[in-house]
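Scroll down for the structure; my scribbles are underneath it.
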Amino acid sequence: MALRETLSEHEPEICAVAGLLAERGWAEANSGNLSLRLGGSFDPAGERFPLSIPRPELEGHSLLLTTGGSRMRDLAENPLENLCLVKVVDVGRAYVSEGTRGEVTSELPSHLAVHAVLVKERPDHHALLHTHPTFLIALTHLVKDRAELRDTLIRMFPEAALLLHENLEILDYRTPGSDELGVATAEAIRRVSGVVWRGHGMLASGANLYSALDLVEVADKAARIALLLGDRSKECGLSDDQLKGIYEAFGD
Ligand code: 13P
Ligand code: ZN
């Protein structure tokens, strides 16, 4: 069984990160999903499904993805029953999926669109994580200007300045699971590794799931501090000079 074969290498990372997402309170019910683009090529023993947007860049690539409706707390305990192995076939016009329970996540359009960009432009980024960070979602409802929201977040503390500066974009609300959300997210991922979905959550890419999680943790903590500061978050944030000092000391 190809799914079981792929799991041995990735199970510890997937289970640990799924557990952390549940612990953080970002994975209520079936919220969130994740995927890993695998190094080797595997042949899922399952059904074939058409893709509404062809992804020729991913032809022959295999991915591990959470199943639709799966819970992170269950994934942490039982990865085999909450994951699917997907292979893109037919020059990107279809995929074959193997899962012991249920079909692939409803956010497949975003996962495939983003992996199609990463495989060419940032091939070391194999992992994608989508989750519902509480404070970040709250702040996206309050601050409607995207530039202002981003600026507020990066001024909350030095790690936010370092990890999110020129590495975070905010998208306006789109229907979950839609091709439109996938296309907009993939466009943003060309420039950044963290994409905020206003009124919904965040998607992050990384070399592995842990580094994708780092971005979400920092963004949610920055949002939490901004909410604690309320109307004063603008005047209280790190100044231009303080940001400059951080980038001089720790930037690339
Ligand atoms: P799935 O259970 O289909 O992965 O959906 C969860 C989610 O967060 C949708 O945005
Ligand atoms: Zn979601």
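Looking at (1) in a loop (DSSP other than H, G, I, E, B); (2) β-branched (Val, Ile, Thr); (3) within 16 Å of ligand 2 (Cβ to nearest atom), which is the one condition that is false for residue 91?
(3)
Restricting the first residue to segment 229-252 and requiring it to be among the β-branched types (Val, Ile, Thr), which pairs with a second residue that is assigned to a helix (DSSP H, G or I) and surrounded by 13 or more Cβ atoms within 10 Å (Cβ to Cβ) meet a Cβ separation below 6 Å and a spacing of at least six or different chains?
So the pair list comes out as 246/158; 246/161.
Which one of these does residue 155 not meet: (1) over 17 Å from residue 225 (Cα atoms); (2) more than 14 Å from ligand 1 (Cβ to nearest atom); (3) charged (D, E, K, R); (4) crowded, with 19+ Cβ neighbours inside 10 Å?
With (1) over 17 Å from residue 225 (Cα atoms); (2) more than 14 Å from ligand 1 (Cβ to nearest atom); (3) charged (D, E, K, R); (4) crowded, with 19+ Cβ neighbours inside 10 Å applied to residue 155, the lone miss is (1).
Which of the helices (runs of 4 or more DSSP H) contained wholly in segment 195-252 include at least 2 residues that are touching an Asp or Glu at 6+ places or on another chain (Cβ under 6 Å)? Break it down into steps so the answer makes sense when it comes.
Working: elements: 209-229, 233-236, 240-250.
Qualifying helices (runs of 4 or more DSSP H): 209-229.
Could you pull out the residue among 101, 48, 71 that is within 14 Å of ligand 1 (Cβ to nearest atom), more than 19 Å from residue 176 (Cα to Cα) and surrounded by fewer than 22 Cβ atoms within 10 Å (Cβ to Cβ)? If you could, list the steps in order and put the result at the bottom.
Numbers: 48 fails: within 14 Å of ligand 1 (Cβ to nearest atom); 71 fails: more than 19 Å from residue 176 (Cα to Cα).
101 is the lone residue from the list that is within 14 Å of ligand 1 (Cβ to nearest atom), more than 19 Å from residue 176 (Cα to Cα) and surrounded by fewer than 22 Cβ atoms within 10 Å (Cβ to Cβ).
Rundown of residues vs (1) away from ligand 2 (no atom under 14 Å from the Cβ); (2) at pLDDT 95 or above; (3) closer than 19 Å to residue 125 by Cβ, yes/no style:
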| site | (1), (2), (3) |
| --- | --- |
| 23 | yes, yes, no |
| 33 | no, yes, yes |
| 43 | yes, no, no |
| 47 | yes, no, no |
| 51 | yes, yes, no |
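If you check every pair at least six apart or on different chains, which have Cβ atoms under 6 Å apart with a residue in segment 57-71 that is closer than 18 Å to residue 13 by Cα first and a residue that is assigned to a loop (DSSP other than H, G, I, E, B) second?
Within 6 Å, the pairs are 62/38; 62/41; 62/42; 65/105; 66/105; 67/102; 71/30.
What pairs come out if I take residues in segment 160-176 that are more than 15 Å from ligand 2 (Cβ to nearest atom) and pair them with residues that are modelled with pLDDT under 95 whose C-beta lies under 8 Å away, six or more apart or interchain?
162/251
Which is within 16 Å of ligand 2 (Cβ to nearest atom), in contact with a helix residue (DSSP H, G or I) (Cβ under 9 Å, 6 or more places away or on another chain), in a helix (DSSP H, G or I) and of a type outside the set (D, E, K, R), of 130, 111, 141?
Working: 130 fails: in a helix (DSSP H, G or I); 141 fails: in contact with a helix residue (DSSP H, G or I) (Cβ under 9 Å, 6 or more places away or on another chain).
Sole residue among the options that is within 16 Å of ligand 2 (Cβ to nearest atom), in contact with a helix residue (DSSP H, G or I) (Cβ under 9 Å, 6 or more places away or on another chain), in a helix (DSSP H, G or I) and of a type outside the set (D, E, K, R): 111.
Which one of 114, 89, 104 is in contact (Cβ under 8 Å) with a residue 40 or more places away in the chain and over 15 Å from the mean Cα position of the chain (by Cα)?
On the way: 114 fails: over 15 Å from the mean Cα position of the chain (by Cα); 104 fails: in contact (Cβ under 8 Å) with a residue 40 or more places away in the chain.
Within the list 114, 89, 104, the selection yields 89.
One line per residue, one yes/no per condition, for (1) within 13 Å of ligand 1 (Cβ to nearest atom); (2) surrounded by fewer than 18 Cβ atoms within 10 Å (Cβ to Cβ); (3) in a loop (DSSP other than H, G, I, E, B); (4) on the phi < 0 side of the Ramachandran plot:
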position: 43; (1), (2), (3), (4): no, yes, yes, yes
position: 54; (1), (2), (3), (4): no, yes, yes, yes
position: 81; (1), (2), (3), (4): no, yes, no, yes
position: 85; (1), (2), (3), (4): no, no, no, yes
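Can you name the residue in segment 208-246 that is within 14 Å of residue 151 (Cβ to Cβ) and at pLDDT below 95 and is also surrounded by the most Cβ atoms within 10 Å (Cβ to Cβ) among such residues?
Out of the qualifying residues, it is 233.
The values are calculated or read from the model by the stated rules, or taken from the named source; none is laboratory data. These numbers come from a predicted model, not from an experiment. Here the Cβ is made from the backbone with ideal geometry for all residues, glycine too, and neighbour counts use every protein chain on show.
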